[in-house]
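The block underneath contains the structure these notes are about, expressed in structure tokens.
The values are calculated or read from the model by the stated rules, or taken from the named source; none is laboratory data. Note that the coordinates shown come from a computational prediction; the quantities given were computed from them, not determined experimentally. Neighbour counts run over all protein chains shown; Cβ positions are idealised from the backbone, glycine included. Heavy atoms of the whole protein, side chains included, go into the accessibility calculation; ligands, DNA and RNA do not. Shrake-Rupley method; radii C 1.70, N 1.55, O 1.52, S 1.80 Å.
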Amino acid sequence: MLLYIHIPFCDSKCFYCSFNSYTTLFHLKSDYMKALHTQLTEELKKTKEPLKSIFIGGGTPSSIEAKLYNPLFETLQDWIDNTTEITIEANPNSTTLEWLTHVKNLGVNRISFGVQSFDDTKLKFLGRNHNKQQAIDCVKLASNVGFCHINIDLIYDTAIDTKELIDNDLNIIKTLPIDHISAYSLTIEEGTKFYNRPEVKIEDIDMASYIFDRLCSFGFSQYEISNFRKGPDSRSKHNFGYWEGEDYLGVGAGAVGSIGNQRYYPTKDVQAYINDPLMYQEIENLSTDDKKFEKIFLGLRSLVGVPMSLFNEKQKKQIEILYKEDKITILNDTLFNKNFLLSDEIALFLE
Ligand SMILES: C[S@@+](CC[C@H](N)C(=O)[O-])C[C@H]1O[C@@H](n2cnc3c(N)ncnc32)[C@H](O)[C@@H]1O
Ligand code: SF4
């Protein structure tokens, strides 16, 4: 079982982001953390085993005073053992030595920074409120505090990306004490500032391949279309768990939980959540076909692969073609995609 906890507060709203986060509700932070605790206590009744992974994401978890996390961790003690991966997201502008030290002492063993780029012009273009130096400093600070597992998020496929800009970013990345990178192709989301400016996104598969190859030359290996790891124990158990179809608890406004064939959605409205943290806005029942499609989609995008037993006879004939074209391999009755950048194309072909 995995656990996701959502923090719906951000200091500013990035131009591309449609995640459930608010910049005007800071007065609700303390009440929100109490509500989280109420829902967490209830959700934990759904599992008896220690949690494989906990992910505190957002929004911006580093915008919450570190000691406000204490009650959550007191309650979590019985569900954590020394194998539990505990990740927290942080933004470069709100990461401090005190905050990092406090969350580390609570048991957090992995930190994920929303860096996006080390180029000041690109950061402004994306609507980020940090600069290159803050991004470099927060990673070094986390390493000095003793975090061995550090991720940075990056965004590529933006209209202002040039080879020079990407190379400068990669040269900085090479020198940093990080063991994980999540590199996302920019997507244009409804309700964001970029929604009316779709030209800010470009699709450049050659540039994506170039970034992936260079990351691999620094010792990273790609285990999902957007995820790269370096060194022992660096694969994100949390992400991998999602792709493998593990059950997860979802705690917080705008979080999602998934148990068996059911998805449940607490409300996205922060005040409504505080008023009643135990009420789900929606419970969705997934059909066997939905689950099958999801397994194929996620399996093609990652090293999880897809069990051959999921495919029907018609699909198996298509798979023979893909095999001849050297696009896939089959190992232990599981299909693996050789180039994650082609996953959507292959999924369509197999539909
Ligand atoms: C929900 S954010 C939370 C992390 C943290 N708040 C931050 O941004 O610093 C997780 C990551 O999703 C990625 N992301 C969010 N919206 C995106 C979009 N429209 N296109 C590509 N990546 C996106 C960003 O890389 C971001 O760091
Ligand atoms: S990308 Fe991160 S910091 Fe920016 S608005 Fe989204 S959640 Fe907040």
Simple spin-label estimate for I136 and T334 in nanometres, 7 Å along Cα-Cβ: 4.0 nm
The chain: calculated mean residue ellipticity at 222 nm from DSSP helix runs of at least 4, using -39500 (n - 2.57): -10500 deg cm²/dmol
Residue list for region 175-199, given a label point 7 angstrom along the Cα-to-Cβ vector of T23 and an amide N cut-off under 18 Å: 189-197
Accessible area in the full protein assembly, largest first, 1.4 Å probe, for Y248, Y242: Y242, Y248
Contour minus Cα-Cα distance for D233 and S217 (0.36 nm per residue): 3.8 nm
Isolated Cys residues of the chain, judged by Cβ distance under 4.7 Å to other cysteines: C10, C138, C148, C216
Relative packing of peptides 252-259, 232-239 - highest average C-beta neighbours within 10 Å first: 252-259, 232-239
Candidates T95, T162, T187, ranked by Gaussian network fluctuation over the chain, Cα under 10 Å, top entry: T162
Dipole in debye (nearest 20) - the chain, about Cα centre, beta carbon charges: Lys, Arg +1; Asp, Glu -1: 400 debye
Residue-count net charge about T83 - beta-carbon cut-off 13 Å; Lys, Arg +1, Asp, Glu -1: -1
Axial C-alpha extent at least 27 Å, average Kyte-Doolittle at least -1.0 - helices from the chain (DSSP): none
Listed peptides 325-332, 5-12 by packing density, highest first (mean Cβ within 10 Å): 5-12, 325-332
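When DSSP beta bridges are limited to those with both residues in the chain, what percentage is antiparallel, rounded to the nearest 5? Mind showing how you got there, number by number?
Working: 23 of 54 bridges.
Roughly 45 percent of the DSSP beta bridges within the chain come out antiparallel.
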Stokes-Einstein D in µm²/s, Kirkwood radius over Cα pairs - the chain at 20 °C with 1.002 mPa s viscosity: 100 µm²/s
Region 191-343, accessible area per residue, ligands and nucleic acids excluded (1.4 Å, Å²): 53 Å²
Greater than 27 Å apart at Cα, pairs in K13/K292; K124/K163; K104/K193; K230/K268: K13/K292; K104/K193; K230/K268
Probe 1.4 Å, all protein chains present, accessible-area order of S18, S217, largest first: S217, S18
Positive minus negative residues near Q222 (Lys, Arg vs Asp, Glu; Cβ under 13 Å): +4
Signed unit charges on C-beta, dipole axis of the chain, positive-most listed residue Y184, V139, N151: V139
Packing-based ranking, highest mean first, of 141-154, 108-121 given that Cβ atoms within 10 Å are counted: 108-121, 141-154
Mean-position separation - Cα centroids, region 19-89 and region 162-228, in angstrom: 29 Å
